[in-house]
Amino acid sequence: SDHDNGILCMNENVLNAESLLESVKTHEPAYIKDDLFRHFPDSLRPSPLCLIVGGTGARSDLHADPFSWTGWNFLFEGTKAWRFYPNIAQNTDVAFQSRRSPFGVPDKSSCDYEPSQYCSIAGSWKSDVDTFAVKTACDASISLMPDLTAHPAAKQATEPIEYVQSPGEMLVFPGHWWHQTYHVSRTAGFAGQVLNGKNLRRVMEHVIQWCQLDTPEAELWSQPAQTIIAEIIGDAIDSM
């Protein structure tokens, strides 16, 4: 694997074995273990863990996550560079010329990379821009920039927040921000998402907006989390 031919593997099913999943989750911080996604219907619940293995030069696509959840990424081998951009019109509509991708129940009969989704209750943001596309050596350093010939509007993006993740580090980040990773070396790690009391309203408002639901009464937000989730997800399903 190298910069021009990066190999990236992301698998949400390899950790479905209950014993392996529980073994991993026992080492999670408390604020990740308390995950309110457990109150979602099974078919609409995001996979709790994703195994990510990347070769040198591999990179993810530039995207912002569905549900506007809080994301986390634990790296146990290698080094990974991150870029984050706020999800504002300057980036979403202009620089990255985004498209929305639905999250729901996938069509399991489809062989497509992105199969059709039934009962879509959320949506991610995706872009064809690769912010690490052009690699240039300058003295002792290396510069990684977007291909402005292919995507000239990308030069209008805001300055990214950058971070280099080392082995043993867990990165927690706002999933509704644009983000992309570059695998500086061979890497292996886990990723997941969090829904808790701190981001519950943001996630539920994402569902409301995506499904074009009526704004709920203000009193709903003072109810227990399970009640809030049941009412909004129920309304979202009924709207299909």
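Assorted remarks:
- Under a model in which nothing but the beta-carbon of Lys, Arg (+1) and Asp, Glu (-1) is charged, segment 174-227 shows a dipole of about 420 debye around its Cα centre.
- Computed with the Debye formula from one identical point scatterer per Cα of segment 131-240, without solvent, the log10 of I(q)/I(0) at q = 0.19, 0.24 Å⁻¹ comes to -1.04, -1.35.
- In the chain, the alpha-carbon atoms span a convex hull of 142 Å³ per residue.
- C-alpha center-to-center spacing [segment 122-188, segment 45-66] in angstrom: 13
- Estimated vicinal HN-Hα couplings, Hz - segment 152-166 in sequence order (Karplus 6.51, -1.76, 1.60; Gly, Pro = x): x, 5, 4, 5, 8, 5, 5, 5, x, 8, 10, 8, 10, 8, 10
- Integer Hz, Karplus 6.51/-1.76/1.60 couplings in order for segment 119-134, x for Gly and Pro: 6, 6, 10, 7, x, 8, 10, 10, 9, 7, 6, 10, 6, 10, 5, 9
- Axis angle, to the nearest 10 degrees, between helix 225-238 and the longest C-alpha principal axis of the chain: 90 degrees.
- Calculated FRET efficiency for the pair Lys135/Met240, C-beta based, R₀ 51 Å, to 0.05: 0.70
- Amide hydrogen neighbours beyond the local backbone of Trp177, cut-off 5 Å, H modeled: Asp65
- Straight Cα distances below 20 angstrom link Lys198 to the aspartates and glutamates Glu28, Asp34, Asp35, Asp65, Glu217, Glu219, Glu231, with same-chain residues fewer than 8 positions distant left out.
Every read-out reported here was derived from the displayed coordinates using simple, explicitly stated rules and does not represent laboratory data. Computed from a predicted model, the values in this text were never measured in an experiment. Virtual Cβ from ideal backbone geometry, glycine too; neighbours counted across all protein chains shown.
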